[in-house]
Amino acid sequence: MTPLVAGQLLSPEYTPGMVALSFLISFAGSLVALICARRMIGADGKPNLAVVACAAVALGGIGIWSMHFIGMLAYRLPVPVSYNMPLTVVSLVAAILISGIALYMAGGRRHFSRSGWLAGSLLAGLGVCVMHYMGMYAMNMRASISFDIATVGLSALIAVTAAAAALWLAFNLRKFTHQVAAAAVMGVAVCTMHYVGMSAASMICTASAPADALAIGGSYMGLIVFGTAGAVLIFIYWVVTGNSLDTPVAAGRRPHPG
């Protein structure tokens with residue numbers, strides 16, 4: 001192997017298996033979030049905040065954040081890469097909170113709100129971008145990052161569009177087969193935003209990696225995240241559909257121009 005020198009442009013590669021896992025977890029998280037969304041409002045017309053929280057974890061924590069993190073682990077460079085743990089945790093919490101707020105804005109007030117949908121889409125899309133680039137900033141490696149601004153802008157546009165589609169689908173589909181198809185579309189959209197965002201970065205080799213006592217890494221981290229996310233999704237699905245948190249679903253809800 002040719003020794004790396006400072007200033008050298010690093011060529012990334014992707015691990016196909018990890019890329020496939022990133023789509024699969026995004027699809028699964030989106031599907032469970034869609035199932036939760038139909039149960040957010042009880043028969044009394046009030047939002048069930050526990051179900052909203054489950055939907056936020058499914059969509060933000062798993063459908064979006066876990067997809068992004070596994071996608072980051074699929075990104076291979078010729079230098080070791082670890083991740084700053086505090087920034088990684090903050091990005092996870094941000095993804096969950098933003099998703100919960102966006103879901104509540106779109107459909108947590110007795111009916112689907114068009115104005116809430118638009119505001120929630122913008123909030124969620126920009127939030128996904130912040131989470132994504134915060135995750136990239138958390139990378140600890142023997143390289144610095146420079147970004148192509150046009151590609152960053154494209155990734156932001158994709159994020160807002162994907163968020164708008166996700167929120168609309170969450171409150172306007174009833175048949176399970178439609179929800180499965182919608183979850184696949186959402187998974188593709190989230191993955192597209194991520195990999196377009198990654199393509200905006202150029203990695204320039206530096207003399208050494210910065211010291212970081214709080215960095216985490218490891219060759220099995222992707223599988224650990226995938227397994228943990230899968231277990232959480234199974235738990236959320238069981239709790240929500242098993243009526244442990246849910247009250248009777250409001251009948252006859254229809255989209256409202258809001």
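The values are calculated or read from the model by the stated rules, or taken from the named source; none is laboratory data. As the structure is a computational prediction, the values presented were derived from the model and not from experiment. Every residue, glycine as well, gets a Cβ built from its backbone with ideal geometry; the counts of neighbours run over all protein chains shown. Note: areas computed on protein heavy atoms with side chains; ligands, DNA, RNA excluded. Shrake-Rupley method; radii C 1.70, N 1.55, O 1.52, S 1.80 Å.
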So, how do all the Cα-to-Cα distances of segment 111-180 break down into 10 Å bins, in percent, from 0 on up? 18, 36, 27, 14, 5, 0
Rg ratio (alpha-carbon, reference 2.2 N^0.38 Å) - segment 63-184: 1.19
First obtain the Kirkwood hydrodynamic radius of segment 185-244 from its Cα pairs, then insert it into the Stokes-Einstein equation at 4 °C and 1.567 mPa s, and state the resulting D in µm² per second as a whole number. 83 µm²/s
Quick one: what do you get for segment 98-146 if you divide its Cα Rg by 2.2 N^0.38 Å? 1.60
Write down the Kirkwood hydrodynamic radius of segment 164-207, to one decimal in angstroms, obtained as one divided by the mean of 1/r over all alpha carbon pairs. 12.5 Å
What ³J(HN,Hα) values, in whole Hz, does the Karplus curve 6.51 cos²θ - 1.76 cosθ + 1.60 give for segment 75-81 when θ = phi - 60°, with x put for Gly and Pro? 7, 10, 10, x, 10, x, 10
On the accessible surface of the chain, probed at 1.4 Å with all protein chains in place, carbon and sulfur together account for a percent value of 72 percent
Evaluate the charge dipole of the chain about its Cα centre and quote only its size in Debye, nearest 20, assuming +1 on the Cβ of each Lys and Arg and -1 on the Cβ of each Asp and Glu. 900 debye
Determine the calculated [θ] at 222 nm for the chain from helices alone, applying -39500 (n - 2.57) to every DSSP H run no shorter than 4 residues and normalising by the residue count; nearest 500 deg cm²/dmol. -20500 deg cm²/dmol
Given 4 °C, 1.567 mPa s and a Kirkwood radius over Cα pairs, the Stokes-Einstein diffusion coefficient of segment 81-121 in µm²/s is 113 µm²/s
What do the square roots of 5 times the Cα gyration tensor eigenvalues come to for segment 1-134, in whole Å, largest first, as semi-axes of the equivalent ellipsoid? 36, 14, 11
Roughly what percent of Cα-Cα pairs across segment 116-248 reach past 18 Å? 69 percent
Shape descriptors of the chain over alpha-carbon atoms, Rg and Dmax in angstrom, are 19.1, 68
